[in-house]
Amino acid sequence: MVMPNSRVRSKDPSAGEVGAEMRSQVRMAALRAQTRRHFLRTLGSGLGTLFVGTSLAQYAKPGKEPASAALDFRRDPSSPLSELPPQFAAKVRRVIYLHMAGAPSQLELFEHKPDLKRLDGQDCPASFLAGKRFAFISGIPKLLGSQYPFHQVGESGHWISDRLPHLERHLDDICFIKSMRTEQFNHAPAQLLVHTGNARLGYPSFGSWVLYGLGTENQNLPGFIVLLSGGKSPDGGKQLWSSGFLPSVYQGVQCRSHGEPVLYLDDPPGTSRSLRRDMLDAIDKINQQTYAAFGNPETITRIAQYEMAFRMQMDATDAMDIHKEPDSVRARYGSKPGESSFANNCLVARRLAERGVRFIQLYHWGWDSHGADAKEALNLGFADRCREVDQSTAALLSDLKERGMLEDTLVVWGGEFGRTPMRENRNGQEMKYVGRDHNPGAFTIWLAGGGVKPGITHGQTDEMGYEIVKDPVEIRDLHATMLYMLGFDHHKLNYSFQGLEQKLTSVKPARVVTEILA
């Protein structure tokens, strides 16, 4: 097909007519590509601009503040990650979220329940089973006390087990929420709910919402980076860092703390930096022509992503290279260059935070302690998982604090639900290894850093650690609270999709947990 802007010229007098006809055909093709949805979106944006302009006119008057005005998240399409100001003054500039995939047992870590220990081995009361759904428990299970001893630590007097000896030095900096609950009791939908606000596929992750609302400081690195460890991906898969219905530029970028930071980021053998630049320039011209013809902003986004990948070849490699850290720092984290480990990922997370990455998400797999085998046993595999994360998590908190970064960084640690106070008994039989089933009714998450009261506990469970008896916190409440610390009213951070102003907290009521705010 000859492009309408071709430089070929013809001496034939009819050439002008042919050219005009071809231009008409190209315009008709572009119009056919405009679906009803495209038309309504274009019409809606025009009317929306008129409405917003009229509505905001009142705030030009003295004494009026645009507190209730809709927020404007529009950007130059060629710079989709450029920084935007928060709605109001924020106490947090960046988030490091440490997700323990599989749901660690709060009863072996943070929930000291002497009565449960005293009743260990006795039949579970019928009231614990009536109307409940379990993943594997059947019949009448036995109550199971904590497998590890607890003690109190610090000025806060927090109770903690002996499994986290490094982290316990930081308990006076940590805020525990011990009254988290969820609507889901299977891993994938529960993880989706924690990270996207919805148990179904197709919704943007928390990191994508934050990147959409705030952009990122460093335009040479992705604003939302994901690091995995533990040998497997979380059950929710890549949907956990998907951008959903938001533009694709806001999705998380999965990186590695060993080898190439991003697979296929490096140039192929024999390809020079200048040749790669020439290739990108040629691709950009084609994309610009496509955008001129069809007007799809995702085309401009694609150009921006190509350009970022080109810049990342230098900056990402440097950010991920923990060889550049002193031996003393690597020893503090317990990191070993070249390995895929949570320790390496924690050190990389600090390096990314220093370089202005907005949202850093770590997933560590292996916490599903059913007791089906030794790796899932509370007295075996669970102890290994604790050793894998304890030292490096504590080092991350220390490092951020010493560098003056903890005061504007929010660190979050937790899983997707809790574990039962009953021992798991598949098919009604006592199992060889000790484990607990899923408990969506109560679990613990802790937060540290900017905007959070240090050394406090919010919420309370019953004497068995089974049900919440004080100050329940829903997942959407946690999301609303984190957004507040980042400078947003969760009602105002929204995106138009399928005729609705979509939000991270969905349509159900959500509240900011003001009791934990500093």
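Taking all protein chains together, Asp76, Asp384 sort by accessible area into Asp76, Asp384, largest first [probe 1.4 Å].
For segment 226-233, just list the computed ³J(HN,Hα) in residue order, Karplus coefficients 6.51, -1.76 and 1.60, θ = phi - 60°, integers in Hz, with x standing in for Gly and Pro. Result, ordered by residue: 10, 10, 10, 8, x, x, 9, 7 Hz.
Going from the alpha-carbon gyration tensor of segment 397-469, what semi-axes, largest first and in whole Å, does one get by taking the root of 5 times each eigenvalue? Before the final figure, lay out the partial values.
Details: eigenvalues 238, 45, 14 Å².
In descending order the semi-axes read 34, 15, 8 Å.
In the complete set of protein chains, residue-level accessible area for Asp321 is approximately 50 Å², probe 1.4 angstrom. Count Lys and Arg as plus one, Asp and Glu as minus one, and take only other residues whose Cβ is under 13 Å from that of Val226; the net charge is then +3.
With a cut-off of 11 Å between beta carbons, the residues surrounding Arg385 carry a summed charge of -3, where Lys and Arg count +1 and Asp and Glu -1. Using C-alpha pairs under 8 Å with a sequence gap of at least 6, the mean separation divided by the residue count of segment 204-359 gives a relative contact order of 34 percent.
Shape class of segment 342-428 from the alpha-carbon gyration tensor: prolate, with a/c at 1.5 or above and a/b greater than b/c. Once a ≥ b ≥ c are taken as the square roots of the eigenvalues of the Cα gyration tensor of segment 187-252, is the result rounded (a/c under 1.5), prolate (a/b larger than b/c) or oblate (a/b not larger than b/c)? Note, shape of segment 187-252 comes out oblate. The separation of segment 319-366 from segment 447-518, counted between C-alpha centres, amounts to 28 Å.
Figure note: Tyr212, Tyr203 ranked by solvent-accessible area, largest first, 1.4 Å probe, ligands and nucleic acids not counted: Tyr203, Tyr212. Ile468 contributes an accessible area of around 30 Å² to the protein surface, as traced by a 1.4 Å probe with all chains present. Around Ala190, what is the net charge, scoring Lys/Arg as +1 and Asp/Glu as -1 over all other residues with Cβ under 9 Å from its Cβ? Spelling it out: positives minus negatives among the neighbours equals -3.
Between Arg93 and Thr409, Leu410, the built amide H atoms are under 5 Å apart, and every one of these is 5 or more places off in sequence or on another chain. Taking only alpha carbon atoms, segment 161-291 gives an Rg to Rh ratio of 1.08, where Rh is the Kirkwood radius.
The values are calculated or read from the model by the stated rules, or taken from the named source; none is laboratory data. Keep in mind it's a predicted model, so treat the numbers as computed, not measured. FYI the Cβ positions are ideal-geometry reconstructions off the backbone, even for glycines, and counts take in every protein chain you see. When the accessible area is computed, the model is the full protein with side chains, heavy atoms only, and any ligands, DNA or RNA have been set aside. Shrake-Rupley method; radii C 1.70, N 1.55, O 1.52, S 1.80 Å.
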